[in-house]
Amino acid sequence: MVQLTLRRTWTAAAKYAFAACALCAMATPASAAGDDEALINYFSARLNGSEEAFSQNIPVELSQIEAQQDAVWQAWAKANEAFDEERLIPLDELSLKKHSSWTLPAKLEKNAVMNYYYGKKGARPEAGYPLFLYLHGSGDKNNEWANGIKFGNSFEDGPSVYFIPQIPNTGDLYRWWQKGKQWAWEKLLRQLYLTGDIDPNRIYFFGISEGGYGSQRLASFYADYWAAAGPMAGGEPLINAPVENLAHVPLSFLTGDRDFMFYRHLLTKTTGEKLDSMQRIHPNEYVHRVKLLEGYGHSIDYTPTTPWLAQHKRNAQPRHFLWENFEMDGLKRNAFYNLQVLEEEDEFRTKYEFTANADNSIDIKVDAVKYNPTWKDPRWGINMLFSKEFTPAQHGHLRIFLSDQLVDLKKKVTVRINGKEVFNGKVKSSKKNQKLAHELWGDPMRNFKHAVEVKW
């Protein structure tokens with residue numbers, strides 16, 4: 001799971017990630033100083049990329065977990081404190097324009113230094129600040145970055161925290177979704193959660209122009225982390241940002257109706273139509289505001305986006321979702337919400353539809369996905385519009401993480417894949433399951449202790 005080239009979840013430094021309850025079930029019931037030291041050493045090894053094993057398939061007692069949360073968190077925090085890396089600057093007023101930089105790994109992007117502004121507006125809410133990550137456009141990167149701090153200070157979305165990065169390189173590397181920048185987002189999330197200042201259910205991506213493309217792709221790719229997303233003056237072919245993944249990521253998408261360059265108007269319209277269709281099928285999901293602004297070209301009013309985003313909170317454990325597992329800059333994820341892919345039939349794309357039913361059963365529909373181009377732009381010869389074909393997957397291997405939010409864990413659970421029963425029984429809890437969940441997501445809202453593994 002560590003090698004970026006082999007899968008797409010989180011890098012070693014990121015996947016142990018983010019909060020006090022992350023990694024909270026890996027100490028013994030009566031943790032002594034030696035146990036704490038072992039945890040610190042283990043976490044340190046993982047942060048440095050080691051695949052060292054530290055897991056036992058020991059049943060978890062809830063009372064024990066609660067008793068160990070603080071001790072395990074302290075071990076995680078100490079390991080992180082000792083980890084040699086560039087850190088977020090202390091949180092101060094955004095108006096002071098405090099800034100610093102991170103150096104991206106050379107193996108992912110050479111000569112890449114990401115400057116950033118980081119600051120707060122207003123008093124900290126009890127649950128933590130909402131965080132807005134703003135991605136700038138593709139003009140002169142110094143001017144674009146300067147505009148970002150102006151926007152952050154002027155938008156009426158406080159109390160809030162802003163992280164405003166500057167693209168490290170230009171030319172072909174001027175893309176917010178490339179693997180070097182993925183590393184930065186993963187690092188950012190880990191460090192943000194460690195601060196305790198940010199509400200993990202109120203993290204938002206938004207951006208303008210090139211930042212609109214980036215935020216649209218990242219919204220779909222990392223959909224299980226965001227509360228909402230707000231691309232502006234953009235428009236991606238949906239093969240790059242499948243809207244199916246956005247069942248629980250409200251999307252505000254504003255583009256001028258005269259923004260003809262690169263077919264931004266057409267692609268924005270197509271995104272809205274597809275979301276309309278998904279919302280008709282799933283009425284309580286796929287919240288969106290997609291508008292072509294009459295009379296506007298590439299420059300539009302940017303002020304309505306963040307207040308709209310701020311209304312929404314993440315559902316970290318939805319009872320129903322769709323996931324089209326797609327590649328972004330050569331990397332795929334192998335986990336989404338509560339599913340871990342252990343084997344996948346189709347190397348291109350697979351779509352999963354997860355449903356937790358009222359009768360304590362789970363249905364997962366698994367399909368191989370084929371894209372068929374329906375329109376190619378005449379100027380550049382790029383396929384822009386597509387239809388899709390779905391074929392039921394004939395084999396696969398999944399680990400399904402579960403909680404009381406999804407099923408009644410005191411009762412037997414039935415799991416069906418493409419209508420065929422593959423499991424019926426009590427779902428076991430273990431420290432190993434909890435460790436695996438934190439490795440995959442590092443998410444304080446997905447502290448799973450129960451899991452079942454199924455093949456078909």
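Each reported figure results from applying straightforward, stated rules to the coordinates on display, with no laboratory input. Everything numeric here is computed off the predicted structure, so don't read it as measured data. Cβ: placed from backbone, ideal geometry, glycine included. Neighbour counts: every protein chain shown.
Past 19 Å, Cα to Cα, is the threshold; run Lys313/Lys411; Lys179/Lys370; Lys313/Lys432; Lys269/Lys376; Lys98/Lys120 against it and keep the listed order. Can you show the working numbers first?
Details: Lys313/Lys411 30 Å; Lys179/Lys370 24 Å; Lys313/Lys432 29 Å; Lys269/Lys376 16 Å; Lys98/Lys120 10 Å.
From the list (Lys313/Lys411; Lys179/Lys370; Lys313/Lys432; Lys269/Lys376; Lys98/Lys120), the Cα-Cα distance tops 19 Å for Lys313/Lys411; Lys179/Lys370; Lys313/Lys432.
What ratio of Cα Rg to 2.2 N^0.38 Å holds for the stretch 197-343?
Taking the Cα Rg and dividing by 2.2 N^0.38 Å, one obtains 1.00.
Note down, for the chain, the three equivalent ellipsoid semi-axes (square root of 5 times each alpha carbon gyration tensor eigenvalue), biggest first, whole angstrom.
Taking √(5λ) for each eigenvalue gives 34, 29, 19 Å, largest first.
Taking square-rooted eigenvalues a ≥ b ≥ c of the alpha carbon gyration tensor, is the stretch 320-455 rounded, prolate or oblate, where a/c under 1.5 means rounded and, failing that, a/b exceeding b/c means prolate? Mind dumping the intermediate values first?
On the way: a/c = 2.67, a/b = 1.87, b/c = 1.43.
Because a/c hits 1.5 or more and a/b exceeds b/c, the stretch 320-455 counts as prolate.
Measuring from label point to label point, each 7 Å out along Cα→Cβ, what is the Arg124 to Thr170 span in nm?
About 4.0 nm, to one decimal.
Working out 0.36 nm times the residue gap between Lys110 and Asp346, then minus their Cα-Cα distance, what length gain in nm do you get to one decimal? Intermediate values should be presented prior to the final figure.
Details: separation 236, 0.36 × 236 = 84.96 nm, distance 3.21 nm.
Taking Lys110 through Asp346 to full extension adds about 81.7 nm, to one decimal.
Kindly rank 83-95, 163-175, 263-275 from highest to lowest mean number of other beta carbons found within 10 Å of each residue.
Numbers: 83-95: 13.5, 163-175: 17.2, 263-275: 20.6.
Listed from highest to lowest mean packing, they are 263-275, 163-175, 83-95.
For the stretch 258-313 and the stretch 321-391, write down the distance between their C-alpha centroids in whole Å.
After rounding, the separation between the Cα centres reads 22 Å.
Ranked from highest to lowest mean number of other Cβ atoms within 10 Å per residue, what is the order of the peptides 205-217, 293-305?
On the way: 205-217: 26.9, 293-305: 15.6.
In descending order of packing, they fall as 205-217, 293-305.
Please give the calculated 222 nm ellipticity per residue for the chain, where each DSSP H segment of at least 4 residues contributes -39500 (n - 2.57) and the sum is spread over every residue; nearest 500 deg cm²/dmol? Mind showing how you got there, number by number?
Values: 8 runs with 112 residues, N = 456.
Helix-only estimate at 222 nm: -8000 deg cm²/dmol.
Could you rank the peptides 131-141, 366-376 by their average count of other C-beta atoms within 10 Å per residue, with the highest value first? List each step's numbers first, then the result.
Working: 131-141: 20.9, 366-376: 15.5.
The peptides rank, most packed first, as 131-141, 366-376.
Out of all DSSP beta bridges in the chain, what portion is antiparallel? Express it as a percent rounded to 5.
Details: 52 of 79 bridges.
In the chain, DSSP labels about 65 percent of beta bridges as antiparallel.
Applying 1/(1 + (r/R0)^6) with R0 = 45 Å to the Cβ-Cβ distance of Glu93 and His395, what FRET efficiency is obtained, to the nearest 0.05? Each step should come with its number before you reach the end.
Values: r = 55 Å, r/R0 = 1.23.
So, using R0 = 45 Å, E works out to roughly 0.20.
Which whole-number percent is the relative contact order of the stretch 320-455 (Cα, under 8 Å, 6+ apart)? Working shown, then result.
Working: 269 pairs, mean separation 30.1, N = 136.
Relative contact order for the stretch 320-455 comes out at 22 percent.
Which aspartates and glutamates have a Cα lying under 19 Å from the Cα of Lys141, excluding residues fewer than 8 positions away in the same chain?
Cross-link targets: Glu109, Asp172, Glu210.
Counting pairwise Cα distances across the stretch 189-257, what percent come out greater than 21 angstrom? Could you put the intermediate results ahead of the total?
Working: 580 of 2346 pairs.
Cα-Cα pairs of the stretch 189-257 separated by over 21 Å account for 25 percent.
Take the alpha-carbon centre of the stretch 147-169, take the same for the stretch 412-456, and report the distance between them in whole Å.
With the stretch 147-169 and the stretch 412-456 each reduced to a Cα centre, they are spaced 39 Å.
Just flag the trypsin sites (Lys or Arg not before Pro) in the stretch 91-126 sitting in loop per DSSP whose Cβ has no more than 13 other Cβ atoms within 10 Å.
Working: sites: Lys97, Lys98, Lys107, Lys110, Lys120, Lys121; in loops: Lys97, Lys98, Lys107, Lys110.
For trypsin sites (Lys or Arg not before Pro) across the stretch 91-126 that sit outside H, G, I, E and B with at most 13 neighbouring Cβ atoms in 10 Å, the list reads Lys107, Lys110.
Rounded, prolate or oblate, given the Cα gyration tensor of the stretch 94-309, with a/c below 1.5 counting as rounded? Kindly include the intermediate steps, with their values, before the conclusion.
Details: a/c = 1.45, a/b = 1.24, b/c = 1.17.
The shape class here is rounded.
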